[in-house]
1. Anything in segment 257-274 that is of a type outside the set (A, V, I, L, M, F, W, C), part of a helix (DSSP H, G or I) and buried (at least 17 other Cβ atoms within 10 Å of the Cβ)? List them, or say none.
2. Just to be sure, is I293 touching a Gly at 6+ places or on another chain (Cβ under 6 Å) and either open to solvent by 50 Å² or more (accessible area, probe 1.4 Å) or in a helix (DSSP H, G or I) (or both)?
3. Using beta carbons and a limit of 9 Å, which pairs, at least six apart or on different chains, have the first residue in segment 108-131 and at positive phi and the second one open to solvent by 20 Å² or more (accessible area, probe 1.4 Å)?
4. Are any residues in segment 64-94 of a type in the set (D, E), at pLDDT below 95 and in a loop (DSSP other than H, G, I, E, B), and if so, which ones?
5. If you go through segment 104-141, how many residues are touching an Asp or Glu at 6+ places or on another chain (Cβ under 8 Å), of a type in the set (S, T, Y) and either farther than 26 Å from K57 by Cβ or assigned to a helix (DSSP H, G or I) (or both)?
6. State the number of residues belonging to segment 6-21 that are among the polar types (S, T, N, Q) and closer than 10 Å to I75 by Cα.
7. Residues L233, L216, L239: which one is among the hydrophobic types (A, V, I, L, M, F, W, C), in contact (Cβ under 8 Å) with a residue 60 or more places away in the chain, on the phi < 0 side of the Ramachandran plot and surrounded by 14 or more Cβ atoms within 10 Å (Cβ to Cβ)?
8. Hey, among the residues in segment 30-66 that are β-branched (V, I, T), open to solvent by less than 60 Å² (accessible area, probe 1.4 Å) and over 19 Å from W95 (Cβ atoms), which one's nearest to the chain's Cα centre (by Cα)?
Amino acid sequence: MLSVNREAGFVLGIDLDKHSITFALSDLIGTSVQNEIIELHVSDYDGILKLLIEQIKVYKRKYAHTHYGLVGIAIGIHGIVNKDELIDFVPQHGWQNKTLKKDLEAEIGVDVYIENNANLCSIAENVYKHHQSTNLLSVSLYSGIGLGFIINGALFKGYHGYAGEIGHMIVVPNGLPCSCGNLGCWEQYTSESSFFTKLAVNQRELGDNFEDCHHLFNEQNPIFIKEMAQFILFLSIGLNNLINLYNPEIIVVNSEILRLYPNTVEKLKAHLNSSISHYSELFISDFGKKACIMGACALAIQNFLGVSELCLTASEDV
């Protein structure tokens, strides 16, 4: 029997979000070693590239004494990444056509992998929890809606790598305007940012964070309860479309709001009772916003080991 020397090398997962960058260092069996969050005060590409290079070099030096050192870096991008790992568009920062992989590798001399954050979330769900599933959909509801899907055991990315922009599926003809140019896109009704926007419109003092949501539920605030019912209804409409398109085994919905709201799965299933729609299991993700960076670490480990499948155990703090 053989086992991996978990400390022979380390991988670095990075979640590049709008207001912060999260760094997570992991050993070779996926156990978190160090986590760090750096607030972003710039949005320009050169400024963030410089920050990334500086931080990565710190990690590289710190673990240079190990047998392999820093063996790989995977970065989750909240935007469009093509099959060649080129960043086509990051709406939160206004980036277009950026060669982050090439620019980083030229400076740090470590393999870098660039992936869409929703795809990394699906990898995390598959690698760390739903090991048995070869057909899994992961739907992330945050500033927008992202979809990552494992089909027949492999990450499905589409012809150019753009598959998964499901937030711009139209669910309400001539509905709310979306930044993409269409009307009635799904993420205008079921992303967490849209939920907080609607709460603010209805009653400003209701709050705009997850702690407030928990408090409002405990008080059974009528506006909050009404908005949650609409949120779940529109979420189920989109999920029903996905189920009919892909016939998944496992559906995982990643949302901090739904993690706080009791009996969410039962409420969603109540709307998914068509005799045509077939799936096996529906879950609310246990990983929350950590899913992206967990998937990043898993991707870097998998590429370093050169294996087609990976099965890891999540850290206890997840």
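1. Here is the first cut: in segment 257-274, the ones of a type outside the set (A, V, I, L, M, F, W, C) are 259, 261-264, 266-267, 269, 271, 273-274.
So of that shortlist, the ones also part of a helix (DSSP H, G or I) come out as 259, 264, 266-267, 269, 271.
Result: T264, K267.
2. On the way: touching a Gly at 6+ places or on another chain (Cβ under 6 Å): yes; either open to solvent by 50 Å² or more (accessible area, probe 1.4 Å) or in a helix (DSSP H, G or I) (or both): yes.
Yes: the conditions hold for I293.
3. Here the result reads G109/K60, each pair linking segment 108-131 to a residue that is open to solvent by 20 Å² or more (accessible area, probe 1.4 Å).
4. Listed by number, the list holds a single entry, D84.
5. 3
6. If we filter segment 6-21 for residues that are among the polar types (S, T, N, Q), which is where we start, we get 20.
Narrowing further to those that are closer than 10 Å to I75 by Cα: none.
Qualifying residue count, segment 6-21: 0.
7. Details: L233 fails: in contact (Cβ under 8 Å) with a residue 60 or more places away in the chain; L216 fails: in contact (Cβ under 8 Å) with a residue 60 or more places away in the chain.
Being among the hydrophobic types (A, V, I, L, M, F, W, C), in contact (Cβ under 8 Å) with a residue 60 or more places away in the chain, on the phi < 0 side of the Ramachandran plot and surrounded by 14 or more Cβ atoms within 10 Å (Cβ to Cβ) holds for just one of L233, L216, L239, which is L239.
8. In the first step, residues of segment 30-66 are kept if they are β-branched (V, I, T); the result is 31, 33, 37-38, 42, 48, 53, 56, 58, 66.
When the remaining residues are screened for being open to solvent by less than 60 Å² (accessible area, probe 1.4 Å), the result is 31, 38, 48, 53, 56, 66.
Now restrict to residues that are over 19 Å from W95 (Cβ atoms): 31, 66.
Details: T31: 19, T66: 30 Å.
Only one residue fits best here, namely T31.
The values are calculated or read from the model by the stated rules, or taken from the named source; none is laboratory data. Note that the structure is a prediction, hence the values are computed from the model and not measured. With ideal geometry, Cβ positions are generated from the backbone for all residues, glycine too; neighbour counts draw on all protein chains shown. Keep in mind that these areas ignore ligands, DNA and RNA; they rest on the heavy atoms of the full protein, side chains included. Shrake-Rupley method; radii C 1.70, N 1.55, O 1.52, S 1.80 Å.
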